[in-house]
Amino acid sequence: MVPKLCLLFLLVFLAFWATRTHFSKLHVVKAATPTELRIAEAGWWPTKGTAAPEEYAGTGSCASCHSEIFQRQQKTPMAEALSPANGTSIPGLSQKPAQFRVNGLDYEVVANDKLNYSVRDGKNSLSVPVNWIFGDGQFGRTFVYEYKGNYYESRLSYYGEGHGLDFTTGNPGQTPGRLDAALGRRMSLDELPLCFGCHSTKASTNGQFDPSHLTPGVSCEACHGPGTAHVAEMSMGSGRSATLISNVSKLSPTDSVDYCGACHRTSADVTLMGVTGVLTLRFPAYRLERSRCWGKNGDGRLTCIACHDPHEDLVREATAYDKKCLGCHQAAGSSKLRASNHLPSCPTGRPGCVSCHMPKHEIPEMHATFTDHRIGIYAPNAAFSE
């Protein structure tokens with residue numbers, strides 16, 4: 001009990017230092033809060049993992065009343081954030097295995113009945129069947145496998161669009177002295193519920209990591225919480241509003257962004273992690289809250305769900321977001337952009353606001369380009385700015 005209290009107080013102190021705000025009963029009122037503290041509080045929060053298995057109703061129960069939303073959500077990248085590995089998991093591998101050579105080590109991923117991942121050093125080899133694939137392929141696919149009773153993250157990931165195998169993001173690239181270390185990184189017991197908790201549903205129950213009953217991908221109950229009580233409540237037919245399910249739309253701006261930040265990382269999470277530079281593009285909540293228009297208390301017009309419907313596939317057409325931008329920057333009854341708060345009006349007034357004010361930057365080690373959610377005024381082709 002004492003070590004847990006010490007850890008909790010340490011997190012409070014670090015979050016205070018990182019966010020320069022005041023805590024009240026371990027709850028940040030006006031700034032982002034570390035996810036660890038959110039989970040420690042009462043009530044549902046994504047990745048909490050303390051509910052009992054029987055508290056989950058399952059996607060079938062959700063779909064029975066919310067069929068249209070459910071069908072749309074199933075086509076999103078979140079719904080495909082985790083998948084069991086098999087011979088057809090990655091299209092094309094059955095015809096041509098993926099290979100990679102670095103510092104005298106030969107890697108290969110072969111799809112037969114299973115997906116097999118191996119490494120050779122010229123004398124010895126080690127091969128394992130892949131259990132899980134993290135990611136839908138948009139930013140790569142990382143393999144997780146079991147070896148000698150432990151879970152490992154593959155040293156290499158599979159990147160699409162002709163890139164094939166390359167180092168997994170965050171891998172130092174140094175050549176390990178043992179084949180098992182060259183194949184992958186052993187995942188800690190504390191890390192497992194966090195990784196699976198953000199890529200699947202019900203990976204942890206009763207506070208214990210147990211992937212045997214998880215639902216692959218982020219489904220309804222991953223964000224809205226266990227639904228058995230909600231289903232019972234609504235089946236009574238009282239016509240009252242649902243109270244036994246989490247409704248993100250009712251949260252304050254900071255709480256709403258922190259809610260998504262449980263997996264996409266809050267500002268406090270990123271600060272505590274020590275991530276800096278272009279890699280912070282991976283954490284849109286952090287970048288959004290660094291925008292000048294975010295404000296001290298946040299802005300309900302700038303939350304994640306104000307622009308992105310989590311039940312819909314990601315909209316990639318830049319002009320599709322103009323309506324959201326003009327909701328703040330266009331005067332009533334006028335076709336001209338105007339100043340909002342302390343921001344100047346746009347001198348060009350061209351469509352595709354996000355093309356200029358949310359530029360894209362490449363993260364080379366991920367072979368991907370990310371939109372910078374730090375809304376601002378940038379010079380054309382400007383380099384990434386912290």
Please indicate, with yes or no, whether at least one residue in the range 185-208 is surrounded by fewer than 16 Cβ atoms within 10 Å (Cβ to Cβ), farther than 29 Å from residue 72 by Cβ and either basic (Lys, Arg) or in contact with a strand residue (DSSP E or B) (Cβ under 6 Å, 6 or more places away or on another chain) (or both). yes
Within the range 269-284, residues under 17 Å from the mean Cα position of the chain (by Cα), free of Cβ contacts under 8 Å to residues at least 12 places away in the same chain and over 17 Å from residue 384 (Cα atoms) come out as 273
Scan the range 161-177 and give yes if some residue there is touching a strand residue (DSSP E or B) at 6+ places or on another chain (Cβ under 8 Å) and surrounded by fewer than 14 Cβ atoms within 10 Å (Cβ to Cβ), otherwise no. yes
Can you find a residue that is farther than 28 Å from residue 215 by Cα and of a type outside the set (A, V, I, L, M, F, W, C) anywhere in the range 138-160? no
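Scan the range 75-84 and tell me whether some residue there is under 16 Å from residue 184 (Cα atoms) and either of a type in the set (A, V, I, L, M) or within 27 Å of the chain's Cα centre (by Cα) (or both). Give the derivation first.
Quick first cut of the range 75-84, residues under 16 Å from residue 184 (Cα atoms) only: none.
No, every residue in the range 75-84 fails to be under 16 Å from residue 184 (Cα atoms) and either of a type in the set (A, V, I, L, M) or within 27 Å of the chain's Cα centre (by Cα) (or both).
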Anything in the range 200-228 that is at pLDDT 95 or above and part of a helix (DSSP H, G or I)? List them, or say none. 220, 221, 222, 223, 224, 228
Among the residues of the range 123-138, write down those that are of a type outside the set (A, V, I, L, M, F, W, C) and either out of contact with any Ser or Thr (no Cβ under 9 Å at 6 or more places or on another chain) or not in a strand (DSSP E or B) (or both). 123, 124, 129, 131, 135, 136, 137, 138
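Filter the range 54-104 down to residues that are basic (Lys, Arg), within 30 Å of residue 164 (Cβ to Cβ) and touching a residue at least 40 places away in the same chain (Cβ under 8 Å), then give me how many there are.
Let us first name the residues in the range 54-104 that are basic (Lys, Arg), namely 72, 75, 96, 101.
Pick out the ones that are also within 30 Å of residue 164 (Cβ to Cβ) and you get 75, 96, 101.
From what is left, the residues that are touching a residue at least 40 places away in the same chain (Cβ under 8 Å) are 75.
Of the residues in that region, 1 qualify.
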Of these, 227, 237, 298, which one is farther than 29 Å from residue 369 by Cβ and either crowded, with 19+ Cβ neighbours inside 10 Å or among the charged types (D, E, K, R) (or both)? 227
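In this structure, is residue 90 modelled with pLDDT under 95 and surrounded by 14 or more Cβ atoms within 10 Å (Cβ to Cβ)?
On the way: modelled with pLDDT under 95: yes; surrounded by 14 or more Cβ atoms within 10 Å (Cβ to Cβ): yes.
Here the answer is yes, as residue 90 does meet what is asked.
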Return only the number of the condition from (1) under 26 Å from residue 201 (Cα atoms); (2) assigned by TED's automatic domain parsing to the domain that holds residue 357 that residue 235 does not satisfy. (2)
Determine, yes or no, whether residue 102 is surrounded by 19 or more Cβ atoms within 10 Å (Cβ to Cβ), of a type in the set (A, V, I, L, M) and at negative phi. no
Tell me which residues, restricted to the range 169-194, are assigned to a loop (DSSP other than H, G, I, E, B) and either closer than 22 Å to residue 366 by Cβ or in contact (Cβ under 8 Å) with a residue 60 or more places away in the chain (or both). 169, 170, 171, 172, 173, 174, 175, 176, 187
Filter pass, residue 230 being in contact (Cβ under 8 Å) with a residue 40 or more places away in the chain, in contact with a helix residue (DSSP H, G or I) (Cβ under 9 Å, 6 or more places away or on another chain) and within 25 Å of residue 143 (Cβ to Cβ): no
Looking only at residues in the range 359-376 that are within 19 Å of the chain's Cα centre (by Cα) and hydrophobic (A, V, I, L, M, F, W, C), which one is nearest to residue 167 (Cα to Cα)? 366
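The values are calculated or read from the model by the stated rules, or taken from the named source; none is laboratory data. All of these numbers come straight from a predicted model, not from anything done at the bench. Because the Cβ atoms are built from the backbone with ideal geometry, glycine has one as well, and the counts that use them run over all protein chains shown.
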